[in-house]
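Colleague: Starting off with a structure, shown below.
The values are calculated or read from the model by the stated rules, or taken from the named source; none is laboratory data. All figures in this text were calculated on a predicted structure; none of them were measured in a lab. Cβ coordinates were reconstructed from backbone atoms using ideal geometry, including for glycine residues, and neighbour counts include every protein chain displayed.
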Amino acid sequence: MHAAAVLTEVRDGAIWLTLNRPEAMNSISPSVVQGLMHGLDLAATSNEVRAVVLCGTGRAFCAGADLKFVRSTGDGGGVGSFLGDFLVLLNRLEAFPKPVIAAVNGMALAGGLEMVLCCDLVVAARSAQFGDAHANYGLLPGGGGSVRLPRKIGPTRAKYLMFTGEFVSAEHMKLAGLVNEVVDDPALLEAVGALVASIAAKSPLGLARMKALVDDGLQQPLETALRQELLMSALHEQSHDMHEGLAAFAEKRAPRFVGR
């Protein structure tokens, strides 16, 4: 019996989706894409889940696409179909209404880096390494790397990683603006758990709207984005969670947010 390609666990306010192909450096296969999509389906319908955490087993977060699978598809259109499914997954991760956290335990290369680029927050182990790596094998990005990487770290840094295929450290990527926090390897899950606990105490509705405002606002002219923020704030005044937060402040107690 084969182990699941993605392990799914709901605990402490988050759904933990763990890539579980350590023998293949957690490389992306159709079963990984399907497992992650299933996990997002669960997260979308659970009130218990306030955040999504992506991590990996073994010494890699994700080393990119499974090149053995890619080679096995030949020229029959299988690669295009696989990349299409992968891109649908990444787009869904990026637009998911709950915060998505990457817990980068090891190498995040090529498609693994593209996955990290779609997360809202990134916590990395000190030993983790990041790289585009497509150029090392004569490949092109197929999961949005050429689009999202320059938007995250700037075009000059992005081109360097893409042209050289080099791997860089977690500290390097923190300085570049992709990684929020770098921790000692044994402390990674504890650090992510603390971040989840902080997020889980906030209004799910408020966080979803904040995420949408930031992401959508970056794609709009400044004046349009400012108007959108004002309109969203007016709409948010009608929410239960805003009134609950103000009541909790007045009553000197912790708020009880419900997400509406």
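Colleague: Here is a check on your reading of the model: is residue 53 closer than 23 Å to residue 207 by Cβ and in contact with a Phe, Trp or Tyr (Cβ under 6 Å, 6 or more places away or on another chain)? Lay out the reasoning, then the answer.
Modeller: Values: closer than 23 Å to residue 207 by Cβ: yes; in contact with a Phe, Trp or Tyr (Cβ under 6 Å, 6 or more places away or on another chain): yes.
The answer is yes for residue 53.
Colleague: Does residue 238 satisfy being exposed (fewer than 12 other Cβ atoms within 10 Å of the Cβ) and either over 22 Å from residue 118 (Cα atoms) or at pLDDT 95 or above (or both)?
Modeller: Working: exposed (fewer than 12 other Cβ atoms within 10 Å of the Cβ): yes; either over 22 Å from residue 118 (Cα atoms) or at pLDDT 95 or above (or both): yes.
In short, yes.
Colleague: Further question on the same structure: Scan region 203-223 residue by residue and report those that are surrounded by 12 or more Cβ atoms within 10 Å (Cβ to Cβ) and either among the small types (Gly, Ala, Ser) or without any contact (Cβ under 8 Å) to a residue 60 or more places away in the chain (or both). Spell out the reasoning first.
Modeller: Let us first name the residues in region 203-223 that are surrounded by 12 or more Cβ atoms within 10 Å (Cβ to Cβ), namely 203-217, 220.
Result: 203, 205, 206, 208, 209, 210, 212, 213, 214, 216, 217, 220.
Colleague: Looking at this structure, is residue 192 of a type outside the set (Phe, Trp, Tyr), in a helix (DSSP H, G or I) and within 19 Å of the chain's Cα centre (by Cα)? Walk me through it before giving the result.
Modeller: Numbers: of a type outside the set (Phe, Trp, Tyr): yes; in a helix (DSSP H, G or I): yes; within 19 Å of the chain's Cα centre (by Cα): yes.
For residue 192, the condition - of a type outside the set (Phe, Trp, Tyr), in a helix (DSSP H, G or I) and within 19 Å of the chain's Cα centre (by Cα) - is met.
Colleague: Continuing with the same structure: Spot the failing condition for residue 10; the list is (1) under 17 Å from residue 192 (Cβ atoms); (2) in contact (Cβ under 8 Å) with a residue 40 or more places away in the chain; (3) surrounded by fewer than 16 Cβ atoms within 10 Å (Cβ to Cβ), and only one is missed.
Modeller: If we test residue 10 against (1) under 17 Å from residue 192 (Cβ atoms); (2) in contact (Cβ under 8 Å) with a residue 40 or more places away in the chain; (3) surrounded by fewer than 16 Cβ atoms within 10 Å (Cβ to Cβ), just (2) comes out false.
Colleague: Also, I was wondering about something else. Against the definition (assigned by TED's automatic domain parsing to the domain that holds residue 42 and touching an Asp or Glu at 6+ places or on another chain (Cβ under 6 Å)), how does residue 192 come out, yes or no?
Modeller: On the way: assigned by TED's automatic domain parsing to the domain that holds residue 42: yes; touching an Asp or Glu at 6+ places or on another chain (Cβ under 6 Å): no.
Answer is no for this residue.
Colleague: Considering region 11-57 alone, what residues qualify as being farther than 21 Å from residue 110 by Cβ and of a type in the set (S, T, N, Q)?
Modeller: If the condition is that a residue be farther than 21 Å from residue 110 by Cβ and of a type in the set (S, T, N, Q), then 45, 46, 47 are the ones that fit.
Colleague: Right, next: If I go through region 169-198 residue by residue, how many of them are in contact with a helix residue (DSSP H, G or I) (Cβ under 7 Å, 6 or more places away or on another chain) and among the β-branched types (Val, Ile, Thr)? Walk me through it before giving the result.
Modeller: Going through region 169-198, the residues in contact with a helix residue (DSSP H, G or I) (Cβ under 7 Å, 6 or more places away or on another chain) turn out to be 176-179, 181-183.
This time we only want the ones that are among the β-branched types (Val, Ile, Thr), so: 179, 182-183.
Number of matching residues: 3.
Colleague: Could you say which residue among 102, 110 is among the hydrophobic types (A, V, I, L, M, F, W, C), in contact with an Asp or Glu (Cβ under 8 Å, 6 or more places away or on another chain) and either closer than 26 Å to residue 171 by Cα or surrounded by 20 or more Cβ atoms within 10 Å (Cβ to Cβ) (or both)? Before the answer, list the steps.
Modeller: Values: 102 fails: in contact with an Asp or Glu (Cβ under 8 Å, 6 or more places away or on another chain).
So the residue among 102, 110 that is among the hydrophobic types (A, V, I, L, M, F, W, C), in contact with an Asp or Glu (Cβ under 8 Å, 6 or more places away or on another chain) and either closer than 26 Å to residue 171 by Cα or surrounded by 20 or more Cβ atoms within 10 Å (Cβ to Cβ) (or both) is 110.
Colleague: Using the structure shown, decide if residue 109 is modelled with pLDDT of 95 or more, at negative phi and within 12 Å of the chain's Cα centre (by Cα).
Modeller: Working: modelled with pLDDT of 95 or more: yes; at negative phi: yes; within 12 Å of the chain's Cα centre (by Cα): no.
Considered against the rule, which asks whether it is modelled with pLDDT of 95 or more, at negative phi and within 12 Å of the chain's Cα centre (by Cα), residue 109 comes out as no.
Colleague: Before we move on, is residue 178 closer than 20 Å to residue 56 by Cβ and assigned to a helix (DSSP H, G or I)?
Modeller: Working: closer than 20 Å to residue 56 by Cβ: yes; assigned to a helix (DSSP H, G or I): no.
Criteria not met by residue 178.
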